[in-house]
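The structure appears right after this line, and notes come after that.
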Amino acid sequence: MTTETPVLLTIFGGTGDLAQRKLYPAIFRLFQKHQLQQHFAVIGTARRDWSHEYYRQVVRTAIASLTNDAAEITNFTSHFYYQSHDVNDVAHYQTLKSLSQRLDQQYRLRHNRLFYLAMAPNFFETIAQHLKSEQLLTTDGFNRLIIEKPFGHNYSSAEKLNKALTATFRTDQIFRIDHYLGKSMIQNITNLRFNNQLEALWNHHFIDNIQITLSEQLGVADRAIYYDQSGALRDMVQNHILQILSLLAMEQPAFNNHQSITIAKQTVLEQLHPLTAHTISQNFIRGQYAGAEHVKAYRQNNQISADSNNDSFVAGKITIDNPRWQGVPFYIRTGKELAAKYTRINVQFRTPAGSTAPANRLTINVEPEATITSALNIQSERPTVLKPVSAFAQNDAYANLLQAILHGDATHFTTWEELAAAWKFIDPIQAYWDTHEPEFPNYQPQTMGPQAATDLLTRDGRTWLD
Ligand code: BG6
């Protein structure tokens with residue numbers, strides 16, 4: 001018996017970097033798992049004039065490292081079609097519609113359609129409107145819109161975009177991607193907390209602080225133009241870090257389903273302690289990397305202006321206004337050109353009353369390895385052991401997310417309400433930074449950021465945990 005869901009996937013931005021690096025491999029993984037098999041077709045669109053054959057060659061290259069089976073590759077890529085498309089030209093949607101109808105029949109897709117917007121966000125609104133006005137949405141299959149970040153660059157632009165999209169698609173048809181929510185270990189935070197006795201300790205009585213680090217070793221590479229408009233705060237904190245924080249901090253959802261989880265996450269995001277100019281200046285550190293022997297300084301990138309004040313690093317201290325987290329800081333940090341590439345969550349417990357032993361710690365390694373380690377005091381030659389208690393298979397985040405979309409499961413996607421709360425928290429930080437001149441550059445490549453990020457914890461009598 002096959003678990004295949006018949007579907008037509010139309011990718012806007014089919015020639016782009018995201019499609020090639022993430023989407024084609026993810027679609028192929030679902031094909032290998034028989035989630036997609038015979039009854040699927042993919043239309044790649046972009047302005048360029050490519051043939052189906054050329055497009056298939058590009059897809060072939062994108063999945064080359066995942067298999068050696070030539071017949072499998074040929075079978076897979078035969079489902080891919082290319083349609084040159086100008087998103088502003090209404091007539092082009094008619095061409096797309098004819099091709100969609102033809103493929104629908106040819107592959108018996110039951111009028112199920114996914115529309116993946118893997119391109120610059122300023123086109124999202126236009127595409128969504130035209131999909132509706134030119135009747136690319138079907139009446140008897142499912143229609144789902146998949147949106148990549150950034151979802152706005154502040155609260156008001158995000159709200160405007162959301163209004164435009166919800167004028168065309170119902171809320172339950174919109175899937176906003178945050179690819180960190182596709183990572184196996186992030187998906188496991190709810191299991192870890194609520195299917196173990198650990199939850200009894202998950203509060204300010206037992207936890208001293210929580211640290212979330214998303215460290216990147218690369219610089220801005222070829223995304224300088226986008227990144228210079230965004231910075232680490234909007235690129236990583238507004239979405240990935242606040243999503244992770246919400247999973248760690250939320251109350252136990254009433255039910256283990258999308259609606260309950262989403263409300264719990266939204267609630268905690270709305271309880272982040274509001275910031276003032278003073279607390280921003282004290283608790284949020286921004287950085288920009290200098291040059292070094294083999295690394296060009298951020299400002300020396302030839303697509304970035306020599307006086308750019310954009311942040312390539314952020315560290316911050318966030319507190320939450322609810323009884324569970326009274327007085328517990330969540331320290332966060334992320335940046336480019338740092339010492340190593342990893343994503344890690346450290347939960348630092350308090351020292352038990354009367355004990356002088358080091359406090360317990362739980363470490364959730366999200367990447368590169370997906371493990372949970374704990375620092376416990378046991379009787380041995382060394383008082384503290386770090387022991388992997390569990391290792392998970394790393395699944396591809398995009399494959400996880402695409403599979404969920406095929407099944408209509410919205411659990412690992414960001415709702416508008418969560419996004420709104422996140423932007424409302426981030427906007428004052430950005431506004432403060434926009435009006436205060438930083439002293440950049442302020443950190444050396446291949447370090448863990450500016451000295452001020454270390455001082456942020458030292459001031460509280462704490463240190464960043466490895
Ligand atoms: C993206 C950011 O959302 O996440 C990039 O736009 C960043 O700047 C990337 O490099 C990091 O993702 P990952 O999965 O490699 O940790």
Worksheet item: Among the residues of region 82-89, is any hydroxyl-bearing (S, T, Y) and either more than 20 Å from R21 (Cβ to Cβ) or touching a His at 6+ places or on another chain (Cβ under 8 Å) (or both)?
Response: yes
Worksheet, complete the sentence: Only one of (1) part of a helix (DSSP H, G or I); (2) touching a residue at least 12 places away in the same chain (Cβ under 8 Å); (3) of a type in the set (S, T, N, Q) does not apply to S98, and that is (2)
Worksheet, complete the sentence: Over region 169-187, the set of residues out of contact with any strand residue (DSSP E or B) (no Cβ under 8 Å at 6 or more places or on another chain) and more than 16 Å from the ligand (Cβ to nearest atom) is R170, T171, D172
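Residues are listed down the side, and each one gets a yes or a no for (1) surrounded by fewer than 20 Cβ atoms within 10 Å (Cβ to Cβ); (2) in contact with a Leu (Cβ under 8 Å, 6 or more places away or on another chain):
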residue	(1), (2)
A128	no, yes
K132	yes, no
I146	no, yes
K160	yes, no
F175	no, yes
M185	no, no
L201	yes, no
Practice prompt. Scan region 40-59 and give yes if some residue there is in a helix (DSSP H, G or I), more than 16 Å from L114 (Cβ to Cβ) and out of contact with any Phe, Trp or Tyr (no Cβ under 9 Å at 6 or more places or on another chain), otherwise no.
Written response: yes
Worksheet entry | Qualifying positions in region 1-17 - outside any loop (DSSP other than H, G, I, E, B), surrounded by 18 or more Cβ atoms within 10 Å (Cβ to Cβ) and within 23 Å of the chain's Cα centre (by Cα) | L9, T10, I11, F12
Worksheet entry | strands (runs of 3 or more DSSP E) wholly inside region 298-359 that include at least 1 residues being among the hydroxyl-bearing types (S, T, Y) and surrounded by 12 or more Cβ atoms within 10 Å (Cβ to Cβ) | 330-335, 342-349
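Give the number of residues within region 146-159 that are in contact with a Ser or Thr (Cβ under 8 Å, 6 or more places away or on another chain) and either more than 19 Å from L181 (Cα to Cα) or not in a loop (DSSP other than H, G, I, E, B) (or both). Lay out the reasoning, then the answer.
First, pick out the residues of region 146-159 that are in contact with a Ser or Thr (Cβ under 8 Å, 6 or more places away or on another chain): 150-151, 153.
Subsequent filtering for residues that are either more than 19 Å from L181 (Cα to Cα) or not in a loop (DSSP other than H, G, I, E, B) (or both) retains 153.
Here the count works out to 1.
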Discussion item. Could you check region 166-184 and list, in sequence order, the residues that are assigned to a helix (DSSP H, G or I) and under 16 Å from the mean Cα position of the chain (by Cα)?
Written reply: H179, Y180, L181, G182, S184
Worksheet item: Identify, please: which residue in region 333-350 is of a type outside the set (S, T, N, Q) and within 20 Å of L201 (Cβ to Cβ) and is, among those, farthest from the ligand (Cβ to nearest atom)?
Response: R350
Worksheet entry | L109 farther than 24 Å from T139 by Cα, touching a residue at least 40 places away in the same chain (Cβ under 8 Å) and under 31 Å from the mean Cα position of the chain (by Cα) | no
Fill in: Matching residues, region 101-116, being assigned to a strand (DSSP E or B) and touching a Gly at 6+ places or on another chain (Cβ under 7 Å)
R113
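Conditions (1) more than 30 Å from Q187 (Cα to Cα); (2) in contact with a Phe, Trp or Tyr (Cβ under 8 Å, 6 or more places away or on another chain), marked per residue:
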residue: Q243; (1), (2): no, yes
residue: L248; (1), (2): no, yes
residue: A254; (1), (2): no, no
residue: A264; (1), (2): no, no
residue: I280; (1), (2): yes, yes
residue: R286; (1), (2): no, yes
residue: A297; (1), (2): yes, yes
residue: T319; (1), (2): no, yes
residue: E337; (1), (2): no, yes
Item to complete: May I ask you to say which residue of A315, A359, A306 is free of Cβ contacts under 8 Å to residues at least 12 places away in the same chain and of a type in the set (A, V, I, L, M, F, W, C)?
Response: A306
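Looking only at helices (runs of 4 or more DSSP H) that lie completely in region 218-296, which have at least 3 residues being more than 16 Å from the ligand (Cβ to nearest atom)? Working first, answer last.
Working: elements: 224-232, 242-249, 258-270, 277-283.
Where helices (runs of 4 or more DSSP H) fall fully within region 218-296 and carry at least 3 residues being more than 16 Å from the ligand (Cβ to nearest atom), they are 242-249, 258-270, 277-283.
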Item to complete: Would you check if N203 is within 30 Å of T351 (Cβ to Cβ), more than 16 Å from the ligand (Cβ to nearest atom), over 22 Å from the mean Cα position of the chain (by Cα) and assigned to a loop (DSSP other than H, G, I, E, B)?
Response: yes
Response to the item:
Residue pairs qualifying under the 6 Å Cβ cut-off, at least six apart or on distinct chains, with the first in region 167-182 being touching a residue at least 12 places away in the same chain (Cβ under 8 Å) and within 22 Å of V237 (Cβ to Cβ) and the second being among the β-branched types (V, I, T) and in a loop (DSSP other than H, G, I, E, B), are R176/T414; D178/T414
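Every number in this text was worked out from the coordinates using simple rules, so none of it is lab data. It should be emphasised that the depicted structure is a prediction, and the values quoted were computed from it without experimental measurement. Here the Cβ is made from the backbone with ideal geometry for all residues, glycine too, and neighbour counts use every protein chain on show.
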